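Notes follow once the structure below has been shown.
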Amino acid sequence: GAKRGPPPPFPAPPDVRPPDCISESIDPAGKNYSDLKVSIIIPYKNEKWEHIKGSLESILYYTPKKYLSEIMFVSDGNGPETMYINELQRMSKLITVFSLPPPGVGLIEAKMRAVGAVAVRSTVLVFLEPHIRVNKVWLQPLLRRLRENPKTLAMPQLDLIPPKDFGKYYAGTPGHWRFEWNLNLAFTNPRGIKESSNKAYPSPGTSGGIFAIRKDWWDTLGFYDYGMIGWGGDHVEASFKVWRCGGRIEVVPCSRIGHMFREPEQRPYDVPVDRVVQNYHRMAKTWFEGEYLEAFYKVKPEARAMDHGDVSEQLQLKERLQCKDMAWYLDHVDHELKWEKDHICIPGCNRQTHPDCCELPQAAYGRSTLDRTMPDEEYRIAEAGSRAALGHDEL
């Protein structure tokens with residue numbers, strides 16, 4: 001439970017967990033996770049001190065020290081005024097600062113280098129962001145999922161911190177993360193998961209920067225693809241690699257973290273769109289075979305002419321790990337994406353002049369490649385069919 005001690009030095013977030021989370025926090029191996037040592041990794045660039053300090057205060061307050069080997073802040077090319085080394089180190093002996101000189105290497109490579117520098121005794125990597133607040137007993141439910149299946153990428157359920165007020169905290173809604181055919185991220189809840197459910201559930205994708213994974217599994221999967229540049233695409237790679245090469249991704253509703261979702265113009269990272277599309281093209285060339293690559297091009301036509309670099313090493317890794325193909329992923333992991341393949345269209349253009357344009361004037365809510373979404377009933381049928389085909393509740 002929470003500490004019997006001084007109240008937190010920050011506005012305490014509401015306890016928004018579903019009921020009965022104690023059972024979802026206990027180590028099934030009976031070791032109280034004493035054999036797991038966690039390195040928390042937090043990349044930061046041009047971030048406000050108020051946000052970094054608030055993030056760290058919540059981590060120090062709500063995380064039992066016995067689980068941590070370190071909290072590593074990864075400075076990706078910060079100048080002296082946004083580095084905060086002394087301020088960070090004053091807050092705890094667990095803190096290390098891994099500093100990459102200006103201009104920095106970009107978020108993807110910064111994470112790879114950080115993992116290379118973590119403490120030797122660490123067995124679990126937990127990636128966080130510098131504008132979050134972790135909530136009560138947030139870590140143990142993630143460790144429980146890794147204990148039950150060491151090839152899991154476990155995500156907390158994200159709650160909301162408004163961009164204008166870091167002291168506020170609102171419950172997020174249940175749902176899973178996934179990609180559209182243009183590799184844009186979407187958040188949907190076709191299973192109709194209730195807020196009262198305490199059980200972890202599968203998610204076709206991960207949203208990016210906030211998750212736990214075992215270090216040995218990370219190393220086996222060879223994260224990340226060296227050919228990706230800067231920012232954007234690492235979450236796509238993680239999603240396809242984990243699911244298709246023998247693991248699974250889950251959202252854990254008993255683990256709660258408030259995250260400040262920012263509009264692109266509020267982000268400290270400069271994200272050139274072409275660069276992101278280039279990374280997505282690279283992911284599509286690696287993970288989408290044949291007709292699936294064509295579906296990507298249909299809704300990302302500008303990618304076709306872009307250089308995606310050499311992906312042979314990634315294809316060899318797929319071969320070596322005996323990763324499953326895209327058809328398997330569509331049949332068993334992302335039923336919506338399978339349905340969408342035959343419904344994708346380009347919103348906001350005229351169908352008379354271009355056959356790939358959508359029929360309806362507006363894109364479906366929260367989507368960029370569709371004017372309608374898969375009916376929940378069809379989703380349930382597809383999911384039941386997949387379970388029957390696998391012969392058990394693997395997913």
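The values are calculated or read from the model by the stated rules, or taken from the named source; none is laboratory data. Since the structure is predicted, the reported quantities are computational estimates derived from the model, not experimental observations. All Cβ positions, even for glycine, are placed from backbone atoms using ideal geometry, and neighbour counts span all protein chains on display. The protein model used for the area step is the full one, side chains on, heavy atoms only, and it has no ligands, DNA or RNA in it. Shrake-Rupley method; radii C 1.70, N 1.55, O 1.52, S 1.80 Å.
The value given for region 1-98 is a Kirkwood hydrodynamic radius of 15.5 Å, derived from the mean inverse Cα-Cα separation.
Would you work out which of GLY77, GLY222, PHE10 lies farthest towards the positive end of the dipole of the chain, given +1 charges on the beta-carbon of Lys and Arg and -1 on that of Asp and Glu, about the Cα centre? Farthest towards the positive end: PHE10. With every protein chain in place and a 1.4 angstrom probe, the accessible-area ranking of HIS354, HIS335, largest first, reads HIS354, HIS335.
Taking every Cα-Cα distance in region 218-358 and sorting them into 5 Å bins starting at zero, the pair-distance distribution P(r) comes out as 2, 8, 15, 18, 19, 18, 12, 6, 2, 0, 0 percent. For the cross-link pairs LYS45/LYS111; LYS151/LYS241; LYS37/LYS318, the ones whose C-alpha atoms lie over 18 Å apart are LYS37/LYS318.
Note on the chain: with a GNM built from Cα contacts shorter than 10 Å, the maximum mean-square fluctuation among ALA154, ALA384, ALA171 falls on ALA384.
Could you tell me what percent of the accessible area of region 189-242 is made up of carbon and sulfur, with a 1.4 Å probe and every protein chain present?
Carbon and sulfur: 52 percent of the exposed surface of region 189-242.
Between LEU315, TYR329, GLY258, the Cα set farthest toward the positive side of the dipole of region 232-342 (charges on each charged residue's Cβ, about the Cα centre) is that of GLY258. Taking amide H atoms as placed 1.01 Å from N in the peptide plane, the amide H of SER203 lies under 5 Å from those of ILE249, GLU250, VAL251, each 5 or more residues away in sequence or on another chain. Within the shell defined by Cβ-Cβ distances under 10 Å, the residues around GLY205 carry a net charge of 0, with Lys and Arg each +1 and Asp and Glu each -1. Cα-based radius of gyration for region 64-117, normalised by 2.2 N^0.38 Å, reads 1.18. Counting only Cβ charges, +1 for Lys and Arg and -1 for Asp and Glu, the dipole size of region 200-261 around its Cα centre is about 200 debye.
Here the calculated FRET efficiency for ARG90 and TRP328, from their Cβ-Cβ distance with R0 = 56 Å, stands at 0.65, rounded to the nearest 0.05. Simple point charges give the picture: +1 on the Cβ of Lys and Arg, -1 on the Cβ of Asp and Glu, and for the chain a dipole about the Cα centre of about 1540 debye.
Qualifying trypsin sites (Lys or Arg not before Pro) in region 32-141, where qualification requires a DSSP coil assignment and no more than 11 other C-beta atoms within 10 Å, comprise LYS93, ARG121.
Converting phi to 3J(HN,Hα) with the Karplus coefficients 6.51, -1.76 and 1.60 and the offset θ = phi - 60°, region 8-24 yields x, x, 8, x, 5, x, x, 7, 9, 5, x, x, 6, 8, 4, 5, 8 Hz in sequence order, with x at every glycine or proline.
If you run the Gaussian network model on the chain, springs between alpha carbon atoms under 10 Å, then out of SER75, SER122, SER92 the most flexible one is SER92. Distance from the C-alpha centroid of region 156-180 to that of region 17-50: 17 Å, rounded to the whole angstrom. For region 185-326, the solvent-accessible area with a 1.4 angstrom probe is 41 square angstrom per residue. Please give the helix 107-116 orientation as an angle from the longest Cα principal axis of the chain, in degrees from 0 to 90, rounded to the nearest 10. Approximately 50 degrees, to the nearest ten. Using a 1.4 Å probe on the protein chains only, how many percent of the accessible area of region 295-395 belongs to carbon and sulfur? Roughly 49 percent, rounded to a whole number. Of PRO163, PRO80, PRO375, the residue with the greatest mean-square motion in the GNM of the chain, using alpha carbon springs below 10 Å, is PRO80.
For the chain, the longest principal axis of the C-alpha atoms and the axis of helix 234-244 are separated by about 70°.
Beyond a 29 Å Cα-Cα separation, which of these cross-linked pairs lie in this structure: LYS199/LYS338; LYS31/LYS53; LYS48/LYS199? Distance filter (> 29 Å) returns LYS31/LYS53; LYS48/LYS199. The amide H of LYS136, built 1.01 Å from its N in the peptide plane, has no neighbour under 5 Å, considering only residues 5 or more places off or on other chains. Give the distance, in whole Å, between the Cα centre of region 222-244 and the Cα centre of region 53-117. Between the Cα centre of region 222-244 and that of region 53-117, the gap is 22 Å.
In a fully extended conformation the segment linking ASP35 and PHE261 would gain 78.0 nm over its present Cα-Cα distance, using 0.36 nm per residue. Applying Stokes-Einstein at 20 °C and 1.002 mPa s to the Kirkwood radius of the chain, computed over alpha-carbon pairs, gives a translational diffusion coefficient of 98 µm² s⁻¹.
The alpha carbons of region 116-231 give a radius of gyration and a Dmax of 15.5, 42 Å, in that order.
For region 26-175, the solvent-accessible area of protein heavy atoms averages 38 Å² per residue (probe radius 1.4 Å; ligands and nucleic acids excluded). For region 284-369, the equivalent ellipsoid built from the Cα gyration tensor has semi-axes of 28, 17, 9 Å, listed from largest to smallest. Shown for region 27-177: the carbon plus sulfur share of the solvent-accessible area, taken with all protein chains present and a 1.4 angstrom probe, equals 55%. With a Förster radius of 30 Å applied to the C-beta separation of ALA305 and GLU378, the computed FRET efficiency comes to 0.25.
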